[in-house]
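Working notes, structure below.
The values are calculated or read from the model by the stated rules, or taken from the named source; none is laboratory data. Everything quoted here is computed from the prediction, not taken from an experiment. Neighbour counts run over all protein chains shown; Cβ positions are idealised from the backbone, glycine included. To get the accessible areas, we keep the full protein, side chains included, count just its heavy atoms, and leave off ligands, DNA and RNA. Shrake-Rupley method; radii C 1.70, N 1.55, O 1.52, S 1.80 Å.
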Amino acid sequence: MGMPRRVSKRARLCRRRSWSDLPHDLLGEVIRRLPALGDRLRLRAVCRQWRRAEPAHAAMPWLAAAGHCIGLHDAAIHRVALPGGEDAACRGSFGNWLALVPVPPQPPCQPFLLDPFTAARVPLPPWTGGTISKIVLSAAPDSEDCTVAAVVCLEFGKELRLGSIAVCRLRQGETSRPWWCVTETFNLEDIAFFNGNLHAVDGQEQTYLLEAEELERMRAWPLFHRDPVARCSAHNKYYLVACHGRLLLVCRSFGTSRVPGGGHHTVGFRVSAVSEHSYGTATPPPPVKVKSFDGHALFVGDACCGAFAVADDGSKIKEDQICYADNEGNTRHRPLQSYDMRTDCFRRYQPLRATGPWQCVTAQRLLHREALPPPEATEWGATLLLWEVMSSLGASRPPCYCSTRQSSQEPSNIHVITLNVIVYDRRWSFTQSGRSVQEAKQAAASEAVGFLRSLFRSVLDDSPWSSIPHYQSHVSEDDDLYDDLEDEST
């Protein structure tokens, strides 16, 4: 029988160490490299110290859809059960809390707040009026004082959207009083809490400030709109989003889309900063146009709007982008889409298989401009690919191929083709030769595709054509390519 092996003091100390002993700076670096919410949830389960440190670093959220959630970092699908919320529609969120309303909303309706990760549930007062379309919170529902505001829709049509604002109070997760209306019915578009106060916007792009201390007095004297039946634009929808210390007004424009399949879809966005002014001001200050979100991206939707910091690398959604879901009335098929404020490019994401991650299936610039006509049936190979790439970049003129006179030194059986490409009023020419006209055309088109892939990397890097190599190292993307779009963008 051998002698027992001696264990050094250093080894004994190492055995007693746990993951909770990881230095704070190293733990912060680990958390920073895990921007996806799914990874953050796994990190929280390691120990209490890691759970306490994680909230200091914001994670990219999930988009709640029917029966699943979509990670905005990697577009991965997550199946999350909603205990008690299977027959309810999401009408808002605050942190991990979801605001749910039973479907169908048979009066009296019992809305409630639910944390799907802890199964914590906070009931809200019953509601017997119209349909609740959106719920916003001033703070977490389990905090000392939380104000809950709801958009109550009474009528909806192509030219008329009428609603009012109802409010209730929560104190440490319990309701103290029932709902009360703080406004009469008017052309209400959206509401949001910002700096502790409630803000609203109507269909004429007029914003209103409802200060927190005034909400209680409005129980007896609800505010009225000066023109309660004012018509709204059927082609615009307005949202309020708090982003990095600013309140932003997002105008979303609708029209006939250039994307194959057509239909009445989103064709443009316009963002401006809101300046605070009192309810009913006759002449609001002019809007201040916003083109950058200071390292953030926005999400806008009928039931929820928000801003979130974007990870540096590997994220599907980039900074200065707006993500949204068209066809929000369809709860089973809601393709995630994004709009890039810098390049005026729309992208649509869909899963390639039922349980797989979402991939970009459409990338399209300048949806508000005239579309490139469909390619001719004779196009194939590189010429067809060039047509598709030019259409994606927003070109309205097809590529033009011209025969060039041969020089006296070239063999008679060699054909020379010059290709002219115009994308947003910028023109480039490419000349190639071949043993046949078709061979020369294919060579010129291939060179043009490689050139456009290198020049418009911000558009084509996340697109169906991202696999095309941008091997032309002498071609660099210039911000001037997109600066001219500001005056024409919707």
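Would you check if Ser436 is touching a residue at least 24 places away in the same chain (Cβ under 8 Å) and open to solvent by 20 Å² or more (accessible area, probe 1.4 Å)?
No: the conditions fail for Ser436.
The single condition from (1) at pLDDT 70 or above; (2) surrounded by fewer than 11 Cβ atoms within 10 Å (Cβ to Cβ); (3) out of contact with any helix residue (DSSP H, G or I) (no Cβ under 8 Å at 6 or more places or on another chain) that His24 fails is (3).
One line per residue, one yes/no per condition, for (1) aliphatic (A, V, I, L, M); (2) at pLDDT below 90:
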position	(1), (2)
Leu240	yes, no
Val250	yes, no
Val259	yes, yes
Gly263	no, yes
Gly268	no, yes
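More than 19 Å from Ser315 (Cα to Cα), in a helix (DSSP H, G or I), of a type in the set (D, E, K, R) and at pLDDT 65 or above: is that true of Glu29 in this structure?
So Glu29 does not fit the description; no.
Answer yes or no: is there a residue in the range 413-434 that is modelled with pLDDT under 85, at negative phi and not basic (Lys, Arg). Yes - at least one qualifying residue is present in the range 413-434.
When the range 117-132 is filtered for residues that are in a loop (DSSP other than H, G, I, E, B) and surrounded by fewer than 18 Cβ atoms within 10 Å (Cβ to Cβ), the ones remaining, listed by number, are Phe117, Thr118, Ala119, Pro126, Thr128, Gly129.
In the range 238-257, what residues are among the hydrophobic types (A, V, I, L, M, F, W, C) and farther than 18 Å from Thr207 by Cβ? Break it down stepwise before answering.
Within the range 238-257, the subset among the hydrophobic types (A, V, I, L, M, F, W, C) is 240-243, 247-251, 254.
Listed by number, the list holds a single entry, Phe254.
Across the range 53-79, which residue is most open to solvent (accessible area, probe 1.4 Å) among those that are hydrophobic (A, V, I, L, M, F, W, C), modelled with pLDDT of 70 or more and part of a loop (DSSP other than H, G, I, E, B)? Ranking the candidates gives Ala59 first. Taken over the range 133-160, residues that are in a strand (DSSP E or B), among the polar types (S, T, N, Q) and modelled with pLDDT under 90 amount to 1. Taken over the range 357-404, the criterion of being open to solvent by 40 Å² or more (accessible area, probe 1.4 Å), within 22 Å of His415 (Cβ to Cβ) and touching a residue at least 60 places away in the same chain (Cβ under 8 Å) is satisfied by Gly381, Leu385.
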